[in-house]
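The values are calculated or read from the model by the stated rules, or taken from the named source; none is laboratory data. Everything quoted here is computed from the prediction, not taken from an experiment. Glycine gets a Cβ as well: all are built from the backbone with ideal geometry, and neighbour counts include every protein chain shown. For the accessible areas, the whole protein counts, side chains as well, though only heavy atoms, and no ligand, DNA or RNA atoms are used. Shrake-Rupley method; radii C 1.70, N 1.55, O 1.52, S 1.80 Å.
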Amino acid sequence: MNEWHYEKNGQRHGPISTEAMQTLIEHGALDSQTLVWASDLTTWLPLANTQLAVHLPHSTQPPALPASHISNTVIWVLALAPLLGLLLESALAGMRAQSELTVDYEVAQALSSGQYWYVTLLLNCGLSLWDERRLKAAGVDTAAFGKLVLLVPVYLWKRAQSLRQRPAYFWTWLGLFGLSLLITR
């Protein structure tokens with residue numbers, strides 16, 4: 001009979017019997033990622049990688065789609081959002097201009113004063129939320145993103161980390177955000 005040790009909150013617990021481990025698993029105290037060790041193991045392993053895995057509840061949910069099958073179209077539009085937002089702000093300022101003769105001046109004034117700043121903000125937040133919902137639909141656990149989905153650069157970074165992608169869209173967004181600041185000054 002094997003005696004087991006398990007890790008909980010950075011502390012080692014055990015030794016306990018296989019039956020006691022099964023009870024802890026059934027009551028949800030241990031999950032598939034809990035690190036466990038027994039004398040026949042060379043190192044600590046996630047519970048799911050041991051003979052104890054047979055006691056885990058069987059999930060009816062399929063795993064998340066592989067990152068290579070999740071479209072990045074929305075995220076790249078989001079990466080371009082600082083520039084797209086400026087274009088939308090310019091279009092709005094142009095439509096609201098008082099005179100056709102002063103359109104260029106009024107657009108420049110609106111951009112430099114940040115009169116329509118909320119257009120770019122809404123575009124960024126809307127695209128972030130849309131992408132996060134698309135990730136959820138693909139089975140990606142976005143709980144770790146929390147409310148940071150509304151803080152675009154943090155969301156872009158966390159998304160890249162979560163999907164194990166290069167953060168090119170993060171760097172693109174940062175560069176275009178800096179460029180937009182230069183353009184409006």
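Write down the Kirkwood hydrodynamic radius of segment 1-94, to one decimal in angstroms, obtained as one divided by the mean of 1/r over all alpha carbon pairs.
Computed over Cα pairs of segment 1-94, the Kirkwood hydrodynamic radius comes out at 17.1 Å.
Could you work out the helix-only [θ] at 222 nm for the chain, with each DSSP H run of four or more residues adding -39,500 (n - 2.57) and the total divided by the number of residues, to the nearest 500 deg cm²/dmol?
Rounded to the nearest 500, the figure is -15500 deg cm²/dmol.
For the chain, set up a Gaussian network in which alpha carbons nearer than 10 Å are linked by springs, and say which option among L92, L56, L129 fluctuates the most.
Between L92, L56, L129, it is L56 that shows the largest mean-square fluctuation.
So what's the chain giving for Rg/Rh, alpha carbon basis, Kirkwood Rh from the mean inverse pair distance?
Radius of gyration relative to Kirkwood radius: 1.25.
Carbon and sulfur atoms: what percent of the 1.4 Å accessible area of segment 42-185 do they account for?
64 percent
Compute the accessible area per residue over the chain, keeping the other protein chains in place, probe 1.4 Å, unit Å².
63 Å²
Using the Karplus curve 6.51 cos²θ - 1.76 cosθ + 1.60 with θ = phi - 60°, work out ³J(HN,Hα) for each residue of segment 85-101 in order, rounded to whole Hz, and write x for Gly and Pro.
Once rounded to whole Hz, the list reads x, 4, 5, 5, 4, 5, 4, 5, 5, x, 5, 9, 4, 6, 9, 5, 6.
If contacts are Cα pairs under 8 angstrom and at least 6 residues apart, what is the relative contact order of the chain in percent?
18 percent
How far, in degrees from 0 to 90, does helix 168-184 lean away from the longest principal axis of the Cα atoms of the chain, to the nearest 10?
With rounding to tens, the tilt is 30 degrees.
If the elastic network links every pair of Cα atoms under 10 Å, which of L151, L101, L45 fluctuates the most in the Gaussian network model of the chain?
L45
Over all directions, the average projected area of the alpha-carbon convex hull for segment 93-170 comes to how many nm²?
In nm², the orientation-averaged hull projection of segment 93-170 is 6.6.
For E3, which sequence-distant residues (separation of 5 or more, or a different chain) have an amide H within less than 5 Å of its own amide H, given hydrogens modelled in the peptide plane?
Those lying under 5 Å, H to H, from E3 are S39.
Suppose every Lys and Arg Cβ carries +1 and every Asp and Glu Cβ carries -1, with no other charges. What dipole size does segment 47-185 come out with about its Cα centre, to the nearest 20 debye?
Computed about the Cα centre, the dipole is about 540 debye.
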